[in-house]
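Q: Questions regarding the structure given below will be posed in turn.
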Amino acid sequence: MNHLEIRPIRKLDAEFSVPGDKSISHRGIMLGGIAAGTTRLRGFLPGEDCLSTLHALQALGCRIDRVSPDEVLIEGRGAKLLAPAEPIDCGNSGTTMRLLAGVVAGYPFTTRLFGDASLSRRPMARVADPLRKFGANLVCEGPEDRPPLAIRGTPLKAIDFTSQVASAQVKSCVLLAALHATGKTTFTEPSLSRDHTERLLPAFGASFRTEKKSLILHGPQRLEGTELDVPGDFSSAAFWLVLAAGLPGSRLTLRKVGLNPTRTALISALLRMGAGIMEKVEQPTPEPMGTITVMGGERLKATPVAGKEIPNLIDEIPILAVAAALAEGTTEIRDASELRHKESDRLAVITKNLRLFGVPVEEKPDGLLIEGGCPLVGAEVDSHGDHRIAMSAAILGLLAKGKTVVKDTSCIETSYPGFAKQIALIQELGR
Ligand code: S3P
């Protein structure tokens with residue numbers, strides 16, 4: 001089992017880029033796989049989660065060539081996927097399982113999707129319900145609507161569906177199934193979740209419209225292959241943003257980062273906390289991409305984070321909690337009960353780990369109360385098999401006094417290959 005040993009740094013003065021966006025890489029592979037013709041993805045994230053998606057589309061008959069570690073060529077099957085010979089392993093990736101369920105629901109064959117222990121604990125009723133409404137025969141074989149999933153595809157009929165959660169995975173599952181369904185599908189969510197699928201569909205030649213808070217897509221639709229530049233993953237950049245914002249005198253420039261506003265609410269929260277951050281969009285479509293600069297200055301101040309902001313920083317809450325630990329005052333995070341259904345129960349695990357670093361935290365059913373400003377002491381902590389928990393603990397280690405050990409860090413490979421090397425470099429330069 002891998003681990004990371006971390007010593008505190010005094011400063012951060014760096015310029016680099018982060019690996020490709022995970023959400024966009026998944027979608028690029030899936031849309032490329034069902035499109036006619038060739039799709040080229042540059043800046044693809046070669047992390048384990050996206051490789052699960054890549055192998056899944058290969059199992060469904062697509063030819064996919066790895067031109068280089070971060071460039072792939074997909075020969076799309078033009079809506080003619082083949083029955084997989086075996087159950088498909090989605091690994092640790094909820095995005096793979098939930099989106100793929102929407103992809104295969106309209107095909108005349110049975111697909112079984114399974115995952116690792118963490119994915120096997122994640123709720124699937126949120127995608128099973130709309131897919132059954134479309135007419136697919138879907139069984140959640142685990143207890144309480146958990147994986148594995150067995151999906152017997154059928155010709156789908158369009159649906160009108162309102163999701164109870166603001167989840168881009170649910171939205172994307174429905175839109176992917178709607179591409180194969182006959183008629184007008186209407187999808188509504190309680191507040192706007194990340195909109196990568198909506199931005200990518202037109203790039204593949206698909207059309208839909210927005211009416212008030214609903215998306216309307218008429219099916220069936222054929223997609224055409226395309227070329228895409230995948231920006232760096234904002235969720236990976238987030239670790240370094242908080243580190244730089246929390247270290248007085250630091251300077252950080254991150255280039256070619258995704259700046260999709262449905263992903264960057266962490267920047268707004270950090271600005272309210274008094275951080276010196278600037279973002280500049282250099283390429284607006286199909287996905288905004290540009291440069292972020294951070295100047296570490298004044299001590300951060302607590303700010304409340306709740307409501308519609310939550311879906312737009314949902315993956316950043318583990319690292320936002322690190323910023324809260326540094327900030328003067330008590331940070332209240334609310335409306336975030338979705339965090340209990342991620343790769344770990346993140347509310348429980350953040351509480352446990354922050355306390356080991358000496359931070360007073362109160363765990364609430366839907367959030368956290370974090371008292372910032374206490375001295376951080378290095379600790380031995382567990383990742384609980386969750387990549388974002390592992391990386392957040394590593395950043396705490398760079399900011400805390402003494403030695404930190406983060407145990408079970410192999411999960412970082414799901415989203416950020418090269419993170420350990422980057423940490424080693426930053427420690428070397430920042431001593
Ligand atoms: C994702 C959506 C989010 C996010 C996940 C990736 C996506 O999940 O937490 O890491 O790519 O659609 P939910 O849709 O469950 O909020």
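The values are calculated or read from the model by the stated rules, or taken from the named source; none is laboratory data. On a predicted model such as this, the values are computed, not experimentally measured, just so you know. Cβ atoms come from the backbone with ideal geometry, glycine included; neighbour counts cover every protein chain shown. Protein only, heavy atoms only, side chains kept; ligands, DNA and RNA dropped before computing areas. Shrake-Rupley method; radii C 1.70, N 1.55, O 1.52, S 1.80 Å.
Q: Largest first and in whole Å, what are the equivalent-ellipsoid semi-axes of region 1-123 based on the Cα gyration tensor, each being the root of 5 times an eigenvalue? Each step should come with its number before you reach the end.
A: Numbers: eigenvalues 185, 76, 23 Å².
Rounded to whole Å, the semi-axes are 30, 20, 11.
Q: Still on this structure, please answer the following. In whole angstrom, note down how far apart the Cα centers of region 61-79 and region 258-336 are.
A: Taking the Cα centre of each part, region 61-79 and region 258-336 sit 34 Å apart.
Q: Using alpha-carbon positions, what is the distance between the centroids of region 132-189 and region 99-116, in Å?
A: Region 132-189 and region 99-116 have Cα centres separated by 11 Å.
Q: Oh, and also: Nearest 10 degrees is fine. How inclined is helix 317-326 to the longest principal axis of the chain, computing both from alpha carbons?
A: With rounding to tens, the tilt is 10 degrees.
Q: Tell me, what does the Kirkwood hydrodynamic radius of the chain come to in angstroms if you use every pair of distinct C-alpha atoms? Kindly include the intermediate steps, with their values, before the conclusion.
A: Working: mean 1/r = 0.0459 Å⁻¹.
Kirkwood hydrodynamic radius for the chain: 21.8 Å.
Q: Also, quick follow-up: Starting from the Cα of residue 352, step 7 Å along the direction of its Cβ; do the same at residue 110; then give the gap between the two resulting points in nm.
A: Placing both labels 7 Å along Cα→Cβ, they lie 3.7 nm apart.
Q: Per residue, how much accessible area does the chain have with a 1.4 Å probe, in Å²?
A: On the way: 16310 Å² over 431 residues.
Solvent-accessible surface per residue comes out at 38 Å².
Q: Can you tell me which of 189-199, 233-243 comes out highest on packing, and rank the rest after it, using the mean Cβ neighbours within 10 Å? Don't jump to the answer; show the numbers that get you there.
A: Working: 189-199: 20.0, 233-243: 27.2.
Sorting 189-199, 233-243 by mean packing, highest first, produces 233-243, 189-199.
Q: Ranking request for peptides 96-102, 303-309, 314-320: highest mean number of other beta-carbon atoms within 10 Å first, then the rest in descending order. Please report the intermediate quantities before stating the final value.
A: Working: 96-102: 28.3, 303-309: 16.3, 314-320: 25.6.
Final packing ranking: 96-102, 314-320, 303-309.
Q: So in the chain, what percent of DSSP beta bridges are antiparallel if you round to the nearest 5?
A: Values: 56 of 77 bridges.
Approximately 75 percent, going by the DSSP bridge assignments.
Q: Also: If you take every DSSP beta bridge whose two residues both sit in region 147-250, what share of them, in percent to the nearest 5, is antiparallel? Intermediate results must be reported in sequence, preceding the final value.
A: Working: 9 of 13 bridges.
The antiparallel proportion sits near 70 percent.
Q: For residue 289, what residues show an amide H to amide H distance below 5 Å, using hydrogens built from the backbone and excluding near sequence neighbours?
A: It is 259, 282, 283, by chain and number.
Q: Just to be sure I follow the rule: in region 338-431, considering lysines 8 or more places apart or on different chains, how many pairs have Cα atoms under 23 Å apart?
A: Here the count comes out as 10.
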